[in-house]
Amino acid sequence: MTTREFDGIRLEKLREHVWEIPREGEMNVPARVLASETLLEEIGEDDTLRQLKNATHLPGMVEPALCMPDGHQGYGFPVGGVGAIDARTGCISPGAIGYDINCLSGDSEVLLSHGRRRRIENLFGRFEDERARVAAADGIFDSDIQLFSMTDDRTVYEIETETGDTVTATGDHPFQTSNGMTEVDDLATEDDVFLHPFKGFPDDEPPEFVVLDEDDFADEDPQLVRVLKERDLLPLRSTDDAFHRLLKLVGYHTGDGSFSRSHTCFYGDPADLEAIQHDIEAIGLTPSKIYDRERDHDIDGNEFTRTEYSINSGSNAFKQLLIRLGAPEGRKVESEFTVPDYLHRLTDWQRALYLSAFFGAEMSRPDTVAPKNSYAPSVSHNRVADHRVDGETFMRDLMRHLNELGIRTNALEEVERTETTAGETVRLRFGISTDSDNLIRFFTQIGYRYAHEKQRRGLLVAQYLKRKEQVINERARVAEEARALADGGMATRAIKDRFDQVNDRFIERSLYGGRKGRPRPPADFPDFEQFREQTTVRNNLTISSEVTSITERGKMDVFDIGVTHDAHNFVANGFVVSNCGVRMVRTSLTYDDVRGCEAELVDALFEAIPSGLGGGGVIDGDADAIEGALERGVEWAVSEGYGIESDLTHCEDEGRRPDARPEYVSRKATDRGRNQMGSLGSGNHFLEVQRVTDVFREEVAEAYRLSEGQIVVLIHCGSRGLGHQTCNDYLRRIERDHADLLESLPDKELAAAPAGSELAEEYYGAMGACINFAWVNRQLITHRAREVFGDVFDADPIDDLGMELLYDVAHNIGKKETHEVPVGPDGRPATTEEAVDRADRELYVHRKGATRAFPAGREEVPEAYRSVGQPVIIPGSMGAGSYVLRGGSESMSVSFGSTAHGAGRLMSRTQAKQEFWGGDVRDDLEREQAIYVKAQSGATVAEEAPGVYKDVDEVVRVSDELGIGDTVARTFPVCNIKG
Amino acid sequence: MTYELRDHTADVAVEATASTLSALFAAVADGLTAASCESVPAEGGERFTVRETAEGREALLFDYLDRLIYERDVRLVLPADHECRVVPPGGNDEGDAPADADAPEWIVEASARAVPLDAVAAREIKAVTYSEMTLERRDDGWYAYVVFDV
């Protein structure tokens, strides 16, 4: 037997191009390298083999762990790695709400003071400093926390209600119900439990800075400064409890307050004024009692009398404090005030304090526009015409803060102009977008403060919408299942009989396509008024909700990080992230058409397509764009006019991951995505105009509509900062939640979440959303490239230049797929020596720098290419050309349907820069090979010089000879832009 | 305190040494800046502050570097000239957690000069990684090795 050894790692040659590292020590399975001897020599030079060996330690890894012919050292898993892992689901349940917190799962989120929430397990060790919200009989208050550490294995139950709220608790955990406190063991479905639906924001650490100090009061009486200092209000820091109360007071005062001489007045309902009194007292000052006076009003001839309630503070120090924090002085309509500047420096929950208090004063109360639909709660704002700009700035700032907190708004509109005693006055208005998810987020995360009735109503609307969404989702599921049964040949009658929860007409519409979009709720679904009558809302803002299921969820260590879990299957985090991928766009141009225009084309592309660090994106990533991209992928881009229908049918998964869950992508990640929608980034990512130089398989090339001399455009980039942030967010969460598992792995970067755990589900959903985002990124670049070609060749890019997508394929991605694998006596995947049979099993197939390469006939391959196999695009280096392959007939049995993803690096970046100079590389390419290169930085050109990569021809030869990816065409660069 | 950029096939690694943990963090961050940009202008850019907390030393370094990359993308600046104060649980500055701390929380308070990205020719470091991360006492001081994804 031929063997090779690199740095103590021995490989046995099984057959041509297949090398195995036998199982030893703590390896769960053997590993294989698919490479020629030449490539193996290169692969053996860096840390690739050790990283591959490390990856076999991951529990649930299915034989074998693989390295593709272009493999090289990465972080965690090697680049060019393929790892298929058993995807059997486990049993960790998500947490939700609950009052008594001593027997809940560790991931239950506890609502704290100031609208913050934190996972209960993360309170451990610092709960004494915290105050939680507690629903008492006569209201909802902040209270010290009692935390009980439960370390034993305890059987837990997941309780789900009709509104989709869930909580996981032990059987003896008491819940508030219509019949008083009832333990889970005594609860049954259809019982009512009480929920406080307000969730607030994650308890992020606020940035620490001085908001106001003595210098800000230099022109005031020293006595006033002394008053503030004595109460610890100076210096005022962004992390002070008093500051958080002041944020609310300033917000509310900006809406419903006034100043007179040294007095500060607030107007509102008596109960809400009490809450304001409480906050003024808490910062060390003395509020007045509540005053009432009868006021006569005359509005359009209607005369009426109303009682106006108010409180005030006679402290000039308080007044000056509020003014310096941004409360408007003088007549508001004639003032220049805007949203205070410091707000943008604050974390989400802090900003929500200001906003919700202002909304408590100024936003309309939640209401319905039709029996089952909500009307947009809106803010109206008046300024005299001379200060219209300030008013508009103020409103746009509010909208921007809302957007940044994940709440979409309608456009700002000018509603009317009227003549008043102050002169011409302009009324501006915006509303909260009324789609259910958006309203639910608004009411449960921001809502109204110092406005109990509005808040109560908002939470009730949120519960109504959640219940409606649950019903619609269930009906959408039934419709889909009915269609699947019909496709499988079941008669319509039998399908109707099978689903007794919907009527026959519903099934017919589902089968015969009589419905656009998602189903509506059934006719007997209560309208909001009926729901309000059926539902009890208590004064403590808890709302009754019917229990729909109680499910035993096995045993768990209640606060212990992680969960005792007998399923030893894992999703590995570190090596699947950002859906870096590549797409190729065909054109009907030939090389002859392009010759002479190369310089113009490369300049125009470089100008039009953002690249490099801080270069911005093709579009501004506002909240709608980010959410649309994360949720719907290319489908969103096409609906916004950035693509055409065939961009969907020619994309893997038709451009939309069905499992995408944007809500599991952090704010931090979407913040980074905002400036980067439609951008190449830097490093090895690029856009290249290429010509087809060789066609190897005529019949396949015909199906791909490729021919010699044709011009194509290749785009290689990923989900940018958003994907990387998501990866690191989860890496850290896994580290915290599954520390014991992590300790058993040889490299922390291999961090993995157990399959079936909440974290695994969340990560898979977040990754799906990142994949969608990456597709949109490449789609936006495609859109720009089409415009550039249209300009340069003075033609329509689609009709005249035929710029259709050939394919878009990710090569840095994890996917649930079914593969035939050896199985042991327990039916789970096993090593060949322990296996008793072979069977189809669902696996998480991780491809890190490897490309899916499914052969002809697989249903996952888009219909256009199903008869010939999936297109696989292998970008080479700048001077060496690229390849189009098709999924090979052996790929399923050899490499879990995968092949290489590129040439693979050979030389480090630092070494490359020592050996090459960017300017020389560029000039040589242009002079000797007629390749036009334009980059933001010469260093990038040097780092990506042709000589730093493996020989792409050799990589592709191995792929072809192994039958995992067959060569179809070779392309050669014409011009290249990069960061 | 010193740092050096190390060879890594696809990525870039920073190796740093310093006499205190605080200086070590700053040195690794300066290494990140150097890996992003060969010449940073000596002047210009306001300083900004960040604060991170984590359950351990390595996690803190990871979160700190992750935060700097985040700030870069959101503020559109290259953070440079880093200053750090690392506070171990219990507040001593020896860099070790006291054995009796049952919920140790490490804190880093740091500041950096925010050099606008359009004032420099910087390349993108995509992410900090845990791969092969080392953070340990060596001789009289501290040593770190961090791989960044490029």
Next item on the list: Report the one residue of A:Thr899, A:Ser882, A:Pro862 whose Cα lies farthest in the direction of the positive end of the charge dipole of the range A:857-906 (charges on C-beta: Lys and Arg +1, Asp and Glu -1; origin at the Cα centre).
Entry: A:Ser882
Checklist line | the protein assembly as shown: equivalent-ellipsoid semi-axes (sqrt of 5 x gyration tensor eigenvalues, Cα, Å) | finding: 51, 35, 32
Next item on the list: Name the residues whose placed amide hydrogens come within less than 5 Å of the amide hydrogen of A:Phe175, ignoring near sequence neighbours (fewer than 5 apart) on the same chain.
Entry: A:Thr182, A:Glu183, A:Val184
Item checked: Where a label projected 7 Å from the Cα of A:Ala795 along Cα→Cβ would reach, residues of the range A:591-608 with amide N under 16 Å -> A:591-598, A:601
Check: Once the Cβ-Cβ distance between A:Asp694 and A:Ile9 is put in as r, and R0 is 35 Å, what FRET efficiency do you end up with, to the nearest 0.05?
Finding: 0.45
Check: What is the calculated FRET efficiency for A:Phe141 to A:Arg295, with r their C-beta to C-beta distance and R₀ = 22 Å, to the nearest 0.05?
Finding: 0.10
Margin query: Quick check of the Kirkwood formula: for the range A:289-332, what is the inverse mean of 1/r over all pairs of different Cα atoms, in Å?
Written below: 13.1
Check: So for chain A, taking the charge dipole from beta-carbon charges (+1 Lys/Arg, -1 Asp/Glu), which of A:Leu805, A:Leu14, A:Leu247 sits furthest toward the positive end?
Finding: A:Leu247
Notebook entry, point to check: So what's the net charge close to A:Glu12: Lys and Arg +1, Asp and Glu -1, counting the other residues with Cβ under 11 Å from its Cβ?
Noted result: +3
Next item on the list: Extending each Cα 7 Å along its Cβ direction at A:Arg866 and A:Ser113, get the distance between those two points in nm, one decimal.
Entry: 6.2
Margin query: Checking buried surface per residue: for the range A:702-735, which residues lose a minimum of 10 Å² accessible area in the protein assembly relative to the chain alone (1.4 Å probe)?
Written below: A:Arg720, A:His724, A:Gln725, A:Asn728, A:Leu731, A:Arg732, A:Glu735
Checklist line | Heavy-atom accessible area per residue - the range A:3-86, 1.4 Å, Å² | finding: 30
Check: Where the only charges are on Cβ atoms (+1 Lys, Arg; -1 Asp, Glu), what is the dipole of the protein assembly as shown about its Cα centre, to the nearest 20 debye?
Finding: 1720
Check: Once Lys and Arg get +1 and Asp and Glu get -1 on their Cβ, which of A:Ala370, A:Leu273, A:Leu233 lies farthest toward the positive end of the dipole of the range A:210-450?
Finding: A:Ala370
Note to self: Using a 10 Å cut-off around each Cβ of peptide A:950-961, what is the average number of partner chain Cβ atoms that fall inside?
What the structure shows: 0
Checklist line | Burial ranking of peptide ranges A:719-729, A:255-265, B:42-52 (average Cβ count within 10 Å, highest at the top) | finding: A:719-729, A:255-265, B:42-52
Notebook entry, point to check: Going by alpha carbons, how many degrees (0 to 90, nearest 10) lie between the helix axis of B:21-36 and the longest principal axis of chain B?
Noted result: 20
Checklist line | Dipole magnitude of the range A:453-534, debye to nearest 20 (Cβ charges: Lys/Arg +1, Asp/Glu -1, about Cα centre) | finding: 340
Notebook entry, point to check: Hey, what's the range A:453-534 come to in accessible area per residue, 1.4 Å probe, Å²?
Noted result: 57
Check: If you wrap a convex hull around the Cα atoms of the range B:2-149, how much volume per residue is inside, in Å³?
Finding: 106
Next item on the list: Report the accessible surface area buried between chains A and B, summing both sides, using a 1.4 Å probe on protein heavy atoms only, in Å² rounded to the nearest 100.
Entry: 3800
Checklist line | Solvent-accessible area per residue for the range A:688-759 (1.4 angstrom probe, square angstrom) | finding: 29
Item checked: Long-range amide H partners of A:Ser898 with built H, under 5 Å -> A:Ala853
Margin query: What does the extension gain come out to for A:Arg505 and A:Val389, with contour length at 0.36 nm per residue minus their alpha carbon separation?
Written below: 36.3 nm
Next item on the list: Could you grab the relative contact order for the range A:210-450? Cα pairs under 8 Å, six or more apart, rounded to a whole percent.
Entry: 18
Checklist line | Stretchable slack from A:Ser380 to A:Arg306, in nm (0.36 nm times residue separation minus alpha-carbon distance) | finding: 24.5 nm
Margin query: Given points 7 Å out from each Cα along the Cα-Cβ axis, report the A:Asp659 to B:Glu136 separation in nanometres with one decimal.
Written below: 3.8
Margin query: Under 5 Å between amide hydrogens, which residues at least 5 positions from A:Val823 or on another chain qualify, with H placed 1.01 Å from N in the peptide plane?
Written below: A:Ala830, A:Val836, A:Asp837, A:Arg838, A:Ala839
Item checked: For the range A:186-191, Karplus couplings with θ = phi - 60° (6.51, -1.76, 1.60), whole Hz, Gly/Pro x -> 9, 7, 9, 5, 6, 5
Next item on the list: Would you mind checking the pairs A:Lys229/A:Lys319; A:Lys13/A:Lys815; A:Lys848/A:Lys913 and listing those with alpha carbons more than 18 angstrom apart?
Entry: A:Lys13/A:Lys815; A:Lys848/A:Lys913
Checklist line | Length added when fully stretched, A:Arg858-A:Asp219, from 0.36 nm per residue minus Cα-Cα | finding: 222.3 nm
Check: For labels at A:Ser178 and A:Arg532 in the simple 7 Å Cα→Cβ model, what's the distance in nm?
Finding: 2.0
Check: About its Cα centre, what dipole magnitude does the range A:247-375 give when the only charges are +1 on Lys and Arg Cβ and -1 on Asp and Glu Cβ, stated in debye to the nearest 20?
Finding: 460
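The values are calculated or read from the model by the stated rules, or taken from the named source; none is laboratory data. Note that the coordinates shown come from a computational prediction; the quantities given were computed from them, not determined experimentally. Note: ideal-geometry Cβ built from the backbone for every residue, glycine included; neighbour counts use all protein chains shown. The protein model used for the area step is the full one, side chains on, heavy atoms only, and it has no ligands, DNA or RNA in it. Shrake-Rupley method; radii C 1.70, N 1.55, O 1.52, S 1.80 Å.
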